[in-house]
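Have a look at the structure below, then the notes.
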Amino acid sequence: MSRKCLVSAVVIMLAVSFASGQWLEATIRVPDSLCGLMRPNHLVYNAANNTIYVGTDEPGVDCVIAINGTSNRKVARIPVIGRMSAMCCNSENNKVYCAVQGPTVTVIDGQTNEVVGTIAVGMYPAALCYNTQANKVYCANQEGTVTIIEGATDSVIATVSAGSVPSVICHNPVGNKVYCANYNGQTVTIIDGAGDSVIASVWAGGMDPRALCCNTRENKMYCACYSGAVAVIDGAGDSVITAITTANACWDLCFNSTNNKVYSSHYFGAGPVTVIDGVGDSIIVEVPAGVVPTGVCYSPASNCVYCANALSDDITVIDGVTNSVAATVRAGAYPHVLCYNPLSELVYCANSYGSAVTIVDSQNRAIRSVMLGSHPWALCYNSTHNKVYSANGGVSVVTYDSTVTVIDGATNRVIANVTVGHNPKALCHNPTSDKIYCANCQSDNVTVIDGVSDSVLAVVPTGRHPCALCCNPTDNKVYCANEGSDDVTVIDGVTDSVIATLSSGIEPLALCYNSTDNKVYCANHGGGVAVVCGSGDSVIASVRAGRGPRVLCHDSIDNKIYCVNSSSHASPPTGGTVTVIDGATDSLMSTIRVGMCPEDVCYNPVSGKVYVGNSFQSEPDEANVIDCATDRIAATWPIWGGFEALCYNAVNNKVYCSSHHGVVTVFDGATNRLVTTVMAGHKPSAFVWNPVQNRMYVANEYGSSISVIRDSVPPGTEVEMPNDELRMTNGRQLSATIVRGVLRLPESAIRHSTFALLNSVGRKVADLQPGENDIRYLSPGVYFVVSPHPNPLPQGERGRRSAVSGRRSAVHKVVIQR
């Protein structure tokens with residue numbers, strides 16, 4: 001099919017930015033609208049509607065996810081504002097209560113899954129429990145009080161004093177009493193469930209009490225302490241019967257009502273689960289579990305106790321009769337808390353780092369994993385079809401739910417979710433074949449996605465732990481750096497087969513393409529930059545860099561490669577460096593000292609600058625601005641809240657810097673001045689720019705979302721600024737027309753000037769001359785015509801245009817369509 005090439009817009013970019021018009025246009029949940037909860041560590045079951053509610057104390061998440069207990073699918077995403085500390089359920093009135101650091105308790109209606117109220121409680125609410133006999137909710141506040149809430153009206157009916165820093169609370173239905181363990185006070189406060197008054201205060205058995213459970217058969221309360229003791233409290237006499245010394249620091253407790261046993265998990269190492277006789281209050285046995293046992297719960301359907309092992313990513317199942325390990329079930333990353341659904345006879349396990357809930361049936365099989373949130377690790381832009389792609393990690397080991405979310409660049413709507421391999425880490429678009437390549441770090445392959453249909457075309461095997469990608473559009477190849485096997489896989493863009501595997505160096509982490517000389521550069525964290533011939537698929541040079549090379553960019557105007565090194569060769573390290581490599585000779589040109597621990601880099605072809613973001617400094621972090629003409633630092637920007645990522649907007653000549661706390665700072669690329677700040681999501685760690693709509697997409701790694709930032713200058717508008725530096729020497733503005741694949745520059749343009757055509761990421765794809773230029777081989781998309789040298793430069797003075805001419809480049813946007 002022939003291509004019809006049209007000029008859809010011409011934008012003359014500014015040497016001085018427009019007044020700030022940045023705003024947060026949209027927030028896109030990935031991979032679906034019910035995602036967005038990261039690091040779950042609270043679970044509660046609501047018997048009134050057979051629904052499991054999942055929460056987290058991760059700051060900035062601000063939601064609860066509801067999972068239907070029959071279908072085991074997400075049914076609601078409920079906004080709960082504030083850092084959550086506890087949850088409980090009122091099954092009589094079909095409500096769920098969430099304690100947040102407001103200090104308030106948020107009330108969720110179980111019928112509608114909507115927030116119906118907010119109750120003011122004491123400072124630092126830490127724990128909740130429900131009194132089934134009196135229909136009351138108790139909130140332990142670390143200021144030293146317990147707030148008592150009437151379950152029907154959600155009104156506060158009393159506030160009673162507890163001990164020092166109450167942190168866990170539990171109801172005993174046998175005597176209708178509430179027990180509150182005080183973390184600093186080493187005591188347990190006992191409250192009358194009918195009269196709402198303190199009955200007694202007893203010893204907790206040791207230091208730092210952190211768990212309670214009730215033995216309803218014997219009317220006893222057990223209190224586990226971090227110091228390793230378990231106190232047994234008589235429910236009738238309100239006194240401590242005994243204190244049981246266990247093997248290690250206690251973490252959680254549960255009661256087996258069938259066999260009258262109490263189970264205590266121990267947080268450190270490959271700690272056992274201690275089984276305690278509920279009659280004699282003596283240790284029966286210590287059952288070996290996984291690494292760092294945390295939450296425990298009991299299932300009467302299987303008569304087993306389930307223990308989540310945080311660091312071995314599994315669940316130990318203990319037989320309630322034999323006290324032996326009945327099974328070990330794979331879970332997600334860092335399984336932390338558990339709850340039981342008696343209606344479906346299922347156990348639910350929240351995987352804190354995997355952002356998923358693993359569901360285990362009564363046969364001790366992991367039957368499903370519900371993804372609550374995904375880590376959007378990487379973004380890329382499809383200039384042919386105006387789409388944005390997000391690689392989402394946070395993978396479950398039960399079902400590989402890693403996805404690539406496809407977003408329509410015009411509407412900001414999710415149009416597809418493509419299942420890829422385990423833990424996707426990198427993306428790139430191949431405009432020649434119109435394909436998206438996704439590097440899957442843990443499954444050691446690359447998923448190839450069709451740019452038109454967004455369907456999987458192929459899965460290409462790579463080396464171990466692929467982590468970076470780049471495209472060679474000249475030869476239609478894609479390169480994949482494999483961190484674990486110290487090599488680079490070369491993939492044919494037509495057949496999606498492996499052409500070659502090249503030894504690159506120790507731990508290759510980054511790639512970039514030199515379109516001027518058709519070379520690929522690979523930064524190896526173990527030291528050095530390998531240079532790969534684009535046509536010959538061989539390593540032709542190795543350039544010495546600083547210590548810990550980790551990221552690269554290509555200056556397409558001056559043909560330089562900038563390699564960012566995490567620290568210098570000085571001992572001890574005195575800061576990071578940037579190695580500048582000549583793209584023609586592959587020789588070292590200079591070394592630039594930057595801030596501590598540089599993490600990211602981006603290139604500004606308009607102003608001739610490279611930006612380096614540095615993290616792990618004393619506040620604030622910083623970004624360094626390097627002048628490509630002199631290879632010296634021209635400015636330093638403070639980045640508050642922990643630097644994360646950088647990106648450049650060529651339409652408005654602006655640079656975007658994100659911080660860990662969700663702030664995106666926008667700087668003027670010409671003046672190096674602060675333009676504005678925009679709030680994004682939680683830990684924005686990757687950018688991609690959509691030049692058609694002039695939108696910046698931000699991947700919020702901990703927020704399971706994409707923030708869309710819009711600029712006030714719309715595309716398709718011609719803007720002319722009174723700046724002589726952007727005019728041609730004959731007084732005319734540069735214009736460009738495209739007809740049937742031929743780009744024509746006016747003959748009146750300076751004949752001794754060199755023009756370049758850059759793609760949407762600032763990479764040079766063609767040299768242009770006044771007159772006709774055949775560009776039929778280029779893929780549809782957004783490109784920029786750049787006049788990089790207003791004054792001709794002598795041979796050998798590449799990279800000094802700013803110093804020689806003192807002028808900036810004229811840049812014009814053109815869009816090639818099919």
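At 0.890 mPa s and 25 °C, plugging the Kirkwood radius over alpha-carbon pairs of segment 175-308 into Stokes-Einstein gives what diffusion coefficient in µm²/s? Roughly 167 µm²/s, to the nearest whole number. Across segment 58-65, coupling constants 3J(HN,Hα) worked out from phi with the 6.51/-1.76/1.60 Karplus curve, θ = phi - 60°, read 5, x, x, 7, 6, 7, 10, 9 Hz, and Gly and Pro carry x. Between segment 330-358 and segment 20-84, the C-alpha centres lie 15 angstrom from each other.
Of the accessible area of segment 13-162, with the probe set at 1.4 angstrom, what percent is carbon plus sulfur? Mind dumping the intermediate values first?
Numbers: 2550 of 5360 Å².
Within segment 13-162, the accessible surface is 47 percent carbon and sulfur.
Amide H to amide H, with H built 1.01 Å from N, Glu599 comes under 5 Å of Gly613, Asn614, Ser615, counting only residues 5 or more places away or on other chains.
If you sort the three axes of the alpha carbon gyration tensor as a ≥ b ≥ c, you get a/c of 1.5 or more for segment 322-456 and a/b above b/c, which makes it prolate. Within the accessible surface of segment 570-713, defined with a 1.4 Å probe on protein heavy atoms only, the carbon and sulfur portion equals 53 percent.
With the highest mean first, a sort of the peptides 323-331, 167-175, 584-592 on other beta-carbon atoms found within 10 angstrom per residue produces 167-175, 323-331, 584-592.
Projecting the Cα atoms of Pro461, Ser374, Ala439 onto the charge dipole of segment 369-499, computed from C-beta unit charges around the Cα centre, puts Ser374 farthest toward the positive end. Converting phi to 3J(HN,Hα) with the Karplus coefficients 6.51, -1.76 and 1.60 and the offset θ = phi - 60°, segment 173-185 yields x, 5, x, 6, 10, 10, 10, 10, 8, 9, 4, 8, x Hz in sequence order, with x at every glycine or proline.
Taking amide H as placed 1.01 Å from N in the peptide plane, Gly421 has its amide H under 5 Å from the amide H of Thr447, each at least 5 places away in sequence or on another chain.
Counting pairs of alpha carbon atoms under 8 Å apart in space and at least six apart in sequence, what relative contact order in percent does the chain give? Write down the numbers at each step before the final one.
Working: 2641 pairs, mean separation 79.7, N = 818.
It rounds to 10 percent for the chain.
Less than 5 angstrom separates the built amide H of Val675 from those of Val666, Phe667, Asp668, all sequence-distant by 5 or more or on a different chain. Short to long, the 10 Å bins of the Cα pair-distance histogram for segment 98-160 hold 24, 57, 19, 1 percent of all pairs. Ala181 sits among other residues whose Cβ lies under 14 Å from its own Cβ, and their net charge, with Lys and Arg +1 and Asp and Glu -1, is 0.
Using a probe of 1.4 angstrom, how much of the accessible area of segment 179-304 is carbon and sulfur, in percent? The C+S portion of the solvent-accessible surface of segment 179-304 is 51 percent. Look at where the Cα atoms of segment 238-281 and of segment 470-529 average out, and the two centres are 55 Å apart. Estimated from helical segments only, the mean residue ellipticity of the chain at 222 nm is 0 deg cm²/dmol, where each DSSP H run of four or more residues counts as -39500 (n - 2.57). Under 14 Å between alpha carbons, and skipping anything fewer than 8 positions from Lys435 in its own chain: which aspartates and glutamates qualify? Here the aspartates and glutamates satisfying the reach criterion relative to Lys435 are Asp450, Asp454, Asp492, Asp496. If both residues of a DSSP beta bridge must be in segment 569-700, then about 100% of such bridges are antiparallel. Kirkwood-type hydrodynamic radius, segment 14-107: 14.9 Å, calculated from all non-identical alpha-carbon pairs.
Determine, for each peptide in 621-634, 308-321, the mean count of other beta carbons within 10 angstrom over its residues, then list the peptides with the highest first. Don't skip to the end; give the middle numbers.
On the way: 621-634: 19.7, 308-321: 21.9.
Answer by packing, highest mean first, reads 308-321, 621-634.
Evaluated at q = 0.07 Å⁻¹, a Debye calculation over the C-alpha positions of the chain (equal weights, vacuum) places log10 I(q)/I(0) at -0.60.
Quick check on my link table: of Lys387/Lys519; Lys74/Lys177; Lys683/Lys813; Lys387/Lys764; Lys425/Lys683; Lys477/Lys764, which ones sit more than 25 Å apart, alpha carbon to alpha carbon? Too far apart for the 25 Å limit: Lys387/Lys519; Lys74/Lys177; Lys683/Lys813.
Ignoring ligands, DNA and RNA, what accessible area per residue does the chain give at 1.4 Å, in Å²?
34 Å²
The values are calculated or read from the model by the stated rules, or taken from the named source; none is laboratory data. This structure is a prediction, so every number in the text was calculated from the model and none was measured. When we count neighbours, we look across all protein chains shown, and the Cβ atoms used for this are built from the backbone with ideal geometry, even at glycine. Side chains are part of the model used for accessible areas, which takes the heavy atoms of the whole protein and leaves out ligands, DNA and RNA. Shrake-Rupley method; radii C 1.70, N 1.55, O 1.52, S 1.80 Å.
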